[in-house]
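Quick note: the coordinates plus some simple rules give every number you see, no bench work behind them. This is a predicted model, so every value here is computed, not measured. Using ideal geometry, Cβ is built from the backbone for each residue, glycine included, and neighbour counts are taken over all protein chains shown.
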Amino acid sequence: MDAALPDPPAELAALAAALLALPPSLGPVRLVAVDGHAGSGKTTFTGRLAAALGGAPVVHLDDLATHGEPFGWTERLRAGVLEPLARGVAGRHPVYDWTARAFTAERAVPVAPVVLLEGVGAGRREVRPHLAALLWMELGPAAARARGQLRDGPELAEFWAGWSRAEDAHFAADPSRPHAALRVDGVTGRISGSTLSEPGGPVLTCDIIRI
């Protein structure tokens with residue numbers, strides 16, 4: 001789990017209202033991605049945003065990634081989540097156990113006004129056409145990795161070294177940050193930006209605090 005962030009209820013309430021006002025992007029669903037470097041605070045922020053949205057479903061990309069394919073989850077996401085939600089029916093995807101190194105469970109993804117997609121690469125080019133909005137956690141890779149390594153301890157140092165190489169290669173080839181409508185400070189939790197837009201669609205202005 002990512003490090004705790006200060007709670008900004010006013011900003012989150014404004015963001016939740018703005019997201020709900022967007023046109024659906026995937027069948028009846030507004031699919032909203034929260035992307036950023038590993039350790040940047042995505043999981044914590046997404047959990048708080050889900051609560052502000054009244055309990056929005058969250059798809060964690062850590063459940064779809066594997067040791068061997070940290071970014072090879074696009075087909076699992078498409079088949080288990082994107083295609084069912086586009087038809088207006090609940091999705092279901094496998095859940096990877098990082099200790100057992102195998103998919104050992106499944107998780108349902110109900111149809112909801114907003115479904116949150118959280119994880120490194122959530123805003124990748126294969127996913128962006130299906131998004132109502134993309135949020136980026138604003139914390140540099142070095143600071144994010146230092147936080148993650150402190151959280152996970154020295155026993156996972158080798159994993160972090162391999163992950164960092166894979167993450168660097170992914171973002172070099174397919175950066176998400178330039179496409180983000182809003183950015184969230186990974187230290188303070190403050191939200192910067194004043195517009196949300198449907199990809200390829202009109203801009204919606206919302207009253208979110210600027211920094």
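So for each of 120-127, 78-85, 92-99 I average, over its residues, the number of other beta carbons within 10 Å; can you give me the resulting order with the highest mean first?
Peptide ranking by packing, descending: 120-127, 78-85, 92-99.
For the stretch 1-89, just the Cα set please: Rg and Dmax, both in angstrom.
Cα-based Rg and Dmax for the stretch 1-89 come out at 14.3, 41 Å.
Mind checking the full-extension length gain between ALA108 and HIS170? Use 0.36 nm per residue of separation minus the Cα-Cα distance, one decimal, nm.
19.6 nm
Taking the stretch 56-107 on its own, what percent of its Cα-Cα pair distances exceed 12 Å?
62
Along the charge dipole of the stretch 1-142, Cβ charges K/R +1 and D/E -1, which of PRO57, GLY121, VAL111 sits furthest on the positive end?
Sorting the options by dipole projection puts first VAL111.
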